Amino acid sequence: MTTALIAEDEPLLAAALQTELASAWPQLQIIATVGDGVSAVAQALALQPDVLFFDIQMPGMTGLEAAAELLDAWPVAAGSKPFPALVFVTAYDQYAVAAFEAQAIDYLLKPVQPARLLKTVQKLLQAQPIPAQADTKTIADPETQLAQMLAQLREMTHALLPAAQSPATPLQMISATLAGSGGNTLQMVPIADVLYFEAADKYIRVLTASAEYLIRTPLKDLLQQLGSQTFWQIHRGTVVRASAIHIVVRDGQGKLTLTLHGSADKLAVSRLYAHLFKAM
């Protein structure tokens, strides 16, 4: 039996989608319904469903970010289960949604219409895993398939989300709390001294070569104030100074980690941002 996971933060919409799926695809078993991106990734990894229905706008992380996070963590070793078929559920208008139509990944526009859902079901049925007895020489290896899907995600991210632009006057200084001071020591930290920013719970860690500070500005807001050529996002929660990158290492599974001049920390590079180091 084919299994599916629904990630939708509006319970009524999640219930409606489940009802419509029961009618359009009776053999499909919904094994979990979650309401945020973090839970979507965790449950998808734990249950390994055949199909994912991801809302675009969710608490914690967007559907695009959740998909990228899941791609990062999905096992690619021989014998691993194929990555699930991925369907995005979105409230974007038809103009924006046109970006999906050129991709192998399907989409559903809210509110979900039965006739459109039937087309999605047909596409999913046609995309079922190739039987084991098929000529495996014609089947792309898992890493290649993930790379292709990540390329699609990047294209859709650029099409659907506002393009990141360098501010007219990039941030020069930030007011931050010295880590471990109990919030009692506030310092002005020059952006030129910052090696990287990292999201951690309710704070953003600000790392220099000599100290660690904490700020509360959300990373997405901070990115809008930094020069896009000066700082690179390498993971959903990590932004590094490009000129400080020292060594980038690729492991046996193709995952990247990097170290920076002035820091011994090893930072993971999401597959979604691995194209920044495509010369490797």
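Quick check: anything in segment 68-85 over 23 Å from Ala127 (Cβ atoms) and touching a residue at least 12 places away in the same chain (Cβ under 8 Å)?
no
If you go through segment 212-233 one residue at a time, do you hit one that is β-branched (Val, Ile, Thr) and within 19 Å of the chain's Cα centre (by Cα)?
Scanning segment 212-233, I find no residue that is β-branched (Val, Ile, Thr) and within 19 Å of the chain's Cα centre (by Cα), so the answer is no.
Tally up the residues in segment 31-63 that are over 19 Å from Leu17 (Cα atoms) and not in a loop (DSSP other than H, G, I, E, B), please.
Adding up the residues that qualify gives 6.
So is Ala209 touching a residue at least 12 places away in the same chain (Cβ under 8 Å) and either out of contact with any Ser or Thr (no Cβ under 7 Å at 6 or more places or on another chain) or not small (Gly, Ala, Ser) (or both) or not?
Answer is no for this residue.
For Leu12, indicate whether it is out of contact with any Ser or Thr (no Cβ under 7 Å at 6 or more places or on another chain), farther than 18 Å from Leu272 by Cα and free of Cβ contacts under 8 Å to residues at least 24 places away in the same chain.
yes
Restricting attention to segment 181-220, which residues are among the acidic types (Asp, Glu) and closer than 16 Å to Pro170 by Cβ?
Within segment 181-220, just Asp193 meets the criteria.
Does segment 217-237 include one or more residues that are modelled with pLDDT under 85 and touching a Ser or Thr at 6+ places or on another chain (Cβ under 6 Å)?
Yes, that holds for at least one residue.
Can you tell which of Ile191, Ile204 is within 19 Å of Val269 (Cα to Cα) and either hydroxyl-bearing (Ser, Thr, Tyr) or in contact with a Leu (Cβ under 7 Å, 6 or more places away or on another chain) (or both)?
After applying the criteria, what remains is Ile204.
When Ala279 is evaluated against the numbered criteria (1) modelled with pLDDT under 90; (2) of a type in the set (A, V, I, L, M, F, W, C); (3) buried (at least 16 other Cβ atoms within 10 Å of the Cβ), which criterion, by number, is the only one it fails?
If we test Ala279 against (1) modelled with pLDDT under 90; (2) of a type in the set (A, V, I, L, M, F, W, C); (3) buried (at least 16 other Cβ atoms within 10 Å of the Cβ), just (3) comes out false.
Tally time: how many residues in segment 19-30 are surrounded by fewer than 17 Cβ atoms within 10 Å (Cβ to Cβ) and either aliphatic (A, V, I, L, M) or outside any loop (DSSP other than H, G, I, E, B) (or both)?
So the count comes out to 4.
If you check every pair at least six apart or on different chains, which have Cβ atoms under 6 Å apart with a residue in segment 232-261 that is assigned to a strand (DSSP E or B) first and a residue that is acidic (Asp, Glu) second?
Sorted first by the residue in segment 232-261, then by its partner, the pairs are Thr238/Glu198.
With Tyr203, Tyr213, Tyr273 as the choices, which residue is farther than 22 Å from Thr62 by Cβ, out of contact with any Pro (no Cβ under 6 Å at 6 or more places or on another chain), of a type in the set (Phe, Trp, Tyr) and not assigned by TED's automatic domain parsing to the domain that holds Ala68?
It is Tyr213.
For Phe83, which of the numbered conditions (1) more than 19 Å from Lys255 (Cβ to Cβ); (2) in contact with a Phe, Trp or Tyr (Cβ under 6 Å, 6 or more places away or on another chain) fails to hold?
(1)
The values are calculated or read from the model by the stated rules, or taken from the named source; none is laboratory data. Here the structure is a predicted model, which means the values were calculated and not measured. We place every Cβ from the backbone using ideal geometry, glycine too, and count neighbours over all the protein chains shown.
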